[in-house]
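The values are calculated or read from the model by the stated rules, or taken from the named source; none is laboratory data. What you are looking at is a predicted structure, and each value in this text was computed from that prediction instead of being measured. Note: ideal-geometry Cβ built from the backbone for every residue, glycine included; neighbour counts use all protein chains shown. Heads up: the accessible areas ignore ligands, DNA and RNA and are worked out on the full protein's heavy atoms, side chains in. Shrake-Rupley method; radii C 1.70, N 1.55, O 1.52, S 1.80 Å.
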Amino acid sequence: MEVKFCSSCGAAMETRDVDGTERRACTAPECSFVHWGNYSIGVGALVMKDEKILLVRRAQEPGKGRWTNPGGYIEQHELIQETIVREVLEESGVEASVSRLVAVRDLPRSIHNVYIAFEMTYISGIPQPDGVEVDAAGFYSLEEMASMPVADFTKWLIDVALHAKGDGLIEDKEPVIAMAGYGLYRVPKVNNV
């Protein structure tokens with residue numbers, strides 16, 4: 001869908017060359033708004049307890065009836081590590097904390113989707129579905145999952161988490177330069193240097 005009006009000032013938009021790419025840009029001389037595209041950022045959790053993985057069954061499309069890892073989309077002013085903690089709690093009633101970032105999926109399409117998957121540490125809670133987005137939740141072994149309609153992408157994420165070497169990307173809680181409001185992830189420091 002073509003953007004017709006500026007979301008900054010409301011003026012008409014036109015197509016023009018911006019840095020070598022045709023983009024929609026505001027026609028108002030006092031406004032410099034450029035529409036860079038449509039994007040969405042999703043997050044997903046891989047929470048393990050007693051060698052079982054937390055799964056939820058989708059109650060809505062897309063994927064209604066399929067088992068997936070809990071997750072969702074970030075809010076505009078929410079750090080991704082806050083999003084995934086919130087989504088796991090909302091969808092399953094389970095409290096978990098971020099351990100490491102284990103995978104990224106890039107899916108270019110009309111709304112370009114980036115999905116960031118976190119391995120999380122179980123803290124507490126008995127899986128309970130929210131009754132809106134998901135209608136079932138629980139911890140399942142690989143053997144149990146073999147007879148369940150688990151989404152292909154979730155199967156891939158589980159394989160990534162179970163066979164990951166090293167610490168993955170971890171939150172940098174003490175960056176060399178403090179940057180308030182940033183969510184920073186990095187490979188672990190060697191010998192804490």
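Just to be sure I understand: with springs between alpha-carbon atoms less than 10 Å apart, which residue in TRP156, TRP36, TRP67 has the highest mean-square fluctuation in the Gaussian network model of the chain?
Among TRP156, TRP36, TRP67, the largest mean-square fluctuation in the Gaussian network model of the chain belongs to TRP36.
Considering only protein heavy atoms, what per residue accessible area in square angstrom results for the chain with a 1.4 angstrom probe?
Averaged over the residues of the chain, the accessible area is 61 Å².
At 222 nm, what value in deg cm²/dmol follows for the chain if DSSP H runs of at least 4 each add -39500 (n - 2.57) and the sum is divided by all its residues, to the nearest 500? Walk me through the numbers before you get to the answer.
Working: 3 runs with 28 residues, N = 193.
Here the helix-only value at 222 nm equals -4000 deg cm²/dmol.
Among ALA137, ALA151, ALA178, which one shows the biggest mean-square fluctuation in a GNM of the chain, springs joining Cα atoms closer than 10 Å?
Most flexible of the set in this elastic network: ALA178.
Compute the helix-to-body angle for 80-92: its Cα long axis versus the longest principal axis of the chain, expressed 0 to 90° and rounded to tens.
That helix lies at roughly 50 degrees to the long axis.
Placing +1 at every Lys and Arg Cβ and -1 at every Asp and Glu Cβ, with all other atoms neutral, what dipole size does the range 1-71 have around its Cα centre, in debye to the nearest 20?
560 debye
Just tell me which aspartates and glutamates come within less than 15 Å, Cα to Cα, of LYS173; anything on the same chain fewer than 8 places away is out.
GLU82
Express the carbon and sulfur contribution to the solvent-accessible surface of the chain as a percent, rounded to the nearest whole number, probe 1.4 angstrom. Walk me through the numbers before you get to the answer.
Details: 6320 of 11830 Å².
Ligands and nucleic acids excluded, carbon and sulfur reach 53 percent.
In the Gaussian network model of the chain, springs joining C-alpha atoms below 10 Å, which of SER124, SER32, SER147 carries the largest mean-square fluctuation?
SER32
Mind listing which chymotrypsin sites (Phe, Trp or Tyr not before Pro) in the range 95-140 are in a DSSP loop and have 16 or fewer other Cβ atoms within 10 Å?
Numbers: sites: TYR115, PHE118, TYR122, PHE139, TYR140; in loops: none.
Nothing satisfies the criteria.
Students often get this wrong, so check it: of LYS49/LYS155; LYS165/LYS189; LYS52/LYS189; LYS64/LYS155; LYS52/LYS165, which have C-alpha atoms separated by over 25 Å?
LYS52/LYS189
Expressed as an acute angle from 0 to 90° and rounded to the nearest 10, what is the orientation of the C-alpha long axis of helix 152-162 relative to the principal long axis of the chain?
60 degrees
Counting only trypsin sites (Lys or Arg not before Pro) that are in a DSSP loop and have at most 14 other C-beta atoms within 10 Å, tell me the longest site-free stretch of the chain.
On the way: sites that count: LYS4, LYS64, ARG109, LYS165, LYS173, LYS189.
Longest run free of exposed loop sites: 5-63.
Quick check on the range 83-179: what does the Kirkwood estimate of hydrodynamic radius come out to from the alpha carbon pairs, in Å?
Result for the range 83-179, one decimal place: 15.5 Å.
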